[in-house]
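For reference, the structure is listed below as structure tokens.
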Amino acid sequence: TPGSLRKVGPSLRHLNSKVDYNWLYSWIRKPADFRPTTKMPQFFGLHEHLSDPKDADGMAESQKFEPIEIRALTEYLLNASSEFEYLKPADGVTEQASAERGKWQFESRGCLACHSHEAFPGVTANQGPDLSRMAAKVNTEKGRQWLYSWVKRPNRYHQRTVMPELFLDPIEEKDALNKPTGKVTDPAADISA
């Protein structure tokens, strides 16, 4: 990775491993539709300066060609994206991923120190993005694989990320007498769920 300083925006190097065409098109068109607090500026749909009747042709041209420009940017970013090797699920896990366990892990592992989520009202952390709508962004097979890989080892995807590795190794559950129950969970899969 060139350079040593964190950039304002995330790396787009492996973008195709994370999002699909429809999400990216919508994001480029109007980023605030997905995340109202985004730092990503809106470049399209800004026609206020063309509202003068003398600029009616300019308004028509903008409205005609902007979807083509957005499509071109979307196609370019997805096609220029490098392959990303997803992490494989942990070995020895016996239990399916659970959103309920994931919510507890999200809270207890310190995710709320940086991220907010609508499931935790009153949390105003803003070091990282609000994750309330994450499912809308990564709701594909490759998106779910990416999310698992990101949660498990974020620096594999983006070497200069400020997201810490949380050491989410499988957990062998124990009963009240501290004896193994035979159940093994994967906290990274639970948080992703």
Most mobile listed residue (Glu173, Glu75, Glu165) in the chain, GNM with C-alpha springs under 10 Å: Glu173
Trypsin sites (Lys or Arg not before Pro) restricted to the stretch 11-115 and DSSP loop, no more than 12 other C-beta within 10 Å: Lys39
Cα-centre dipole for the chain with unit charges at Cβ (Lys and Arg positive, Asp and Glu negative), debye to 20: 460 debye
Cβ-derived FRET efficiency at R0 30 Å, Gln127 paired with His47, nearest 0.05: 0.30
Placed amide H near Lys183: partners under 5 Å, 5+ positions off or other chain: Glu173
Rounded to whole Hz, the Karplus (6.51, -1.76, 1.60) HN-Hα couplings of the stretch 110-121, x for glycine and proline: x, 4, 6, 5, 10, 10, 9, 7, 4, 6, 10, x
Sequence-distant residues sharing a close amide H with His14 (under 5 Å, placed H): Ser82
222 nm mean residue ellipticity, helices alone, for the chain (DSSP H n ≥ 4; -39,500 (n - 2.57); rounded to 500): -10500 deg cm²/dmol
Candidates Ala119, Ala136, Ala32: whichever shows maximal mean-square fluctuation once the chain is modelled as a Gaussian network with Cα springs under 10 Å: Ala119
Residue-by-residue Karplus 3J(HN,Hα) for the stretch 156-170, coefficients 6.51, -1.76, 1.60, Hz, glycine and proline x: 5, 8, 9, 4, 9, 5, 8, 5, x, 7, 9, 6, 8, 6, x
Average accessible area per residue (Å²) across the chain - probe 1.4 Å, nucleic acids and ligands excluded: 65 Å²
Label-point gap, in nm, between Thr140 and Val162 - each point 7 angstrom along Cα→Cβ: 2.9 nm
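The values are calculated or read from the model by the stated rules, or taken from the named source; none is laboratory data. Predicted model, so just to flag it, every value in this text is computed and none were measured. Heads up, the Cβs are rebuilt from the backbone with ideal geometry, glycines too, and the neighbour counts pull from every protein chain shown. SASA here: full protein model, heavy atoms, side chains in, ligands and nucleic acids out. Shrake-Rupley method; radii C 1.70, N 1.55, O 1.52, S 1.80 Å.
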